[in-house]
Each structure stands twice: as C-alpha cells, then as structure tokens.
Amino acid sequence: MANRDSPAYCLCDNPLATSSGPRRLVHNFQETRADSLRSYIGQLTFFGRTLTENRLLSSANYVRTELPTRLAHRLRDMQTLPFAVVTNTHMSHVYDLYYKAFEKFRRVREIKTIQDNEKYCQLIEETLQEHLTVIPRLAMGVLECQDLLQPEHIDRLMNTLLRSRISRRVIAEQHLALTETFSSPWHFPHAAPQNESSTDFVGEVLLRCNAREVVGVCWNRATALAREAYGPECILPQVKLDGHLDATFPYILSHLQYVLGELLRNAIQAVVETPSAPPNVVSPIEVLICEAPQHVIVRVSDRGGGIPKEIMPKLWSFSKGSRSQTHLENLSQVPKMAATMQELKLPGPESTGKSSNRDTVYQDSSDGSLSSLTSRPPNLRLGVGLPMSRIYAEYWAGSLELHNLEGYGVDAFLQVPKLGNKNEQLSTRASMDAI
C-alpha cells in the first residue's frame, strides 16, 4: 500500500500501489519517487483546472478520510516512544493536539453539499491554526529528551512527524485553496476572463515558479530582517545572481521560499558576523541558478568563514548536543511556527490574498499553504532551519547539501525537481516512506 504521508498518494483515486512487492519498490527508488511526485503535482493542477462542484466535494471527502488516518499513524508512532519521552511537557502537548484533531476529524460525516464543505473548511482552518505550535514544541521536546533517545532515533522520529505534517497540510491547504477558487466570482459562468497572474496558481501550486523572482523576494525579506537585527549602521552584503534566470517550473511556492529564505539568511548572518579584511568591505553573496531537463539547482555561496568543524556533525540533526540549552531558550520565544518564508518577514500588514499583478505574486504567498510565524525576533537561532529545509527539499524528491570550506565560506546546493510534466500519466504511484 502506498504510504498515506507520501505526496504521490495525495489525490490518487486508488490507494493501492502498482508495485508487486518490496523488492520492486526498492528498485530505481529515486527515479520512481521523482516520477510519482511529478504525477502528484499533475493531479493537483488537473484537479484544480477542471474544478466542478462534484470534484470539489470529491476533494473534500478525500481529505475527510485521509486526515484522521494520517493522524492515527502519528499517534501510534508516539505511543511507541519511551514513557519518559511521551510524557515530556512538549511531546505531550503535541500528542494532545494530534489526538484532539483525530477525534474531531473522524466524526465528520460524508460531505454532500457545498454548505457541508464550507463547515468542513472552517474546521480545517481552525485546526491548522491550533497546530502552529507543533514545530517549536516538537523541537523543544526532542532537545529535552536527547539523553533518553539516540540521536539517530530522534532524527528518524522528527523526520517522520514533519514529513507527515507536510503531507497533511498540503492536502488540507490545497482543498482550502480549491474551495476559495470555486467560490471566486471569476469561476462562475459568464464571468469576466482572468488576467494572466490569476491563472498562475492552481490551488497552492504555482505553475510558473521563477527561481530568480523567488530568490529576489527571499533576499529582500532576509536583508530587511538583518537590518532590524544588526542596526542601520551595519553594512550588508549584496547579492549577485547568475545562470539560467528565466527558468520556470510548477512548485508549491511557500515551500521553496522557506528553504531559500533559510539559506540566504544564514549566508547574510555568516558574512556580517565574520570580520572582513579590509574593514567595512563586505563580500557579496553569489546565487547561481542552473536549469537541467529534470530539475533546477540553486547554489548559494558566501564567504562568511565557513562552519566550525565541531558544529558540522550536528548540523543536520535535531539533537544539538552542547548547544541544546541555547536553542531551547530561543525556541521558548517562538509560540507558533508554520515553517514558511513568511516566518522570516518583519511584522506588518497582513496580506489580502493573491495579487492580480504578476510582479507581486511572490510577495503575496502568505495566504498560501501555511500560516505565518507569530512574534519571532529576527536574530533568534533555533537550530531547526537546516534540518527542516532538507526535509522540505527531500519531500518533493529534491536535495539540499552544503560544501563547507572552513575559514573561507559555504556553498549550499538546493536541487528542485521540475514537478508536473503535463505529458506524464497520472497513474504513477509509489510507496516512498514507511507508514
């Protein structure tokens, strides 16, 4: 059976994988994973572009059956933890949230009308908001319990819980977006034609995601945060963009913005906090975009002195060793966290929705797949940015790697697959994660 937390499962009519057994699932794992993910994005776009009342209700009932099932799997995972771990204050908080959501969602009856769907969407929105505390509480819980579990066990647990969280939020947010689309004035018969930018999104999927424009928006937000953190007198680095600047591909925008936002913010912090020679001369941060037939690679290079060798072994781990207390104190100041680029923005007016102007599509994604972070000081180091960024990248069959030159700088390589080839068959399914 295909894993319910895998992207490939999300809109399949038949949940059974076509593979005949485990051996075949292991064979050509990476290729199958990428193919099934491209098929999934194709399903999202096809479903959204051909939206009818029956399709919307079908989507609602799909989400209605999937959310409690996926939550039940995670509850089962947490029940297998040692007693001292699951009774930790933070882990218990997450468990209670999941159990409360499971109880609410499992009692929802079949959705037969648009009115039923509206009530269900309200329930989804309320639950998504309640669960904004999950990431910081999980991170604090595993830090406090790191003496009770091996680091490898902690990372497997966090990987499983966070991947499942991504899958649930993707299908939930996508259905909310489809419902909003169905209720929009332009969706009704005889409505005025849409302009170009309003057709860029199908639900949460941005069909023509441009890497250069995403980098630009993330850079502006990251530098604004740096100015607030370091003061107006601080000299910030410039960004140098090069490569295939016109590369476009379908993707869930908020996921890409979150990962690139973390990489750029880390690069800016490294350059600013590393003494330069001569003084007041700040080296630029170089961003190279490389387009290949099946993927796009974004390289972020800084000359911020590199990463000390004693930090490297824990860089991708949620277990931080001697630095755990600092991260615990910082995480305690973050009441909510949705893990999107909007978490990195300065406080300001709320977005009013997807803009009708192509130039502001990328700035207005805060109403998209996830909610924004609440009251996070911009200079807090949480210790979860890189591990979570890798999980987001790998969830969509991409990758995130760092090449560290201690004493000089860091090259970060983000590989993003081109999801959703319109010519692919939508029947491809694969089992990618253990339930």
Could you list, in sequence order, all residues of the range 90-138 that are at pLDDT 95 or above, of a type in the set (D, E, K, R), farther than 17 Å from L176 by Cα and part of a helix (DSSP H, G or I)? D96, K100, E103, K104, R106
Subset of the range 289-318 that is in contact with a Leu (Cβ under 8 Å, 6 or more places away or on another chain) and either assigned to a strand (DSSP E or B) or of a type outside the set (A, V, I, L, M, F, W, C) (or both) - its residue that is most open to solvent (accessible area, probe 1.4 Å): R299
Looking at L245, L260, can you tell me which residue is open to solvent by 40 Å² or more (accessible area, probe 1.4 Å), under 18 Å from A211 (Cβ atoms) and not in a strand (DSSP E or B)? L245
Can you tell me which condition R64 does not meet? The list is (1) farther than 18 Å from V134 by Cβ; (2) at pLDDT below 95; (3) in a helix (DSSP H, G or I), and all the others hold. (2)
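The values are calculated or read from the model by the stated rules, or taken from the named source; none is laboratory data. Because the structure is predicted, anything quoted here is derived from the model rather than measured. Cβ atoms come from the backbone with ideal geometry, glycine included; neighbour counts cover every protein chain shown. These accessible areas exclude ligands, DNA and RNA; they are computed on the full protein's heavy atoms, side chains included. Shrake-Rupley method; radii C 1.70, N 1.55, O 1.52, S 1.80 Å.
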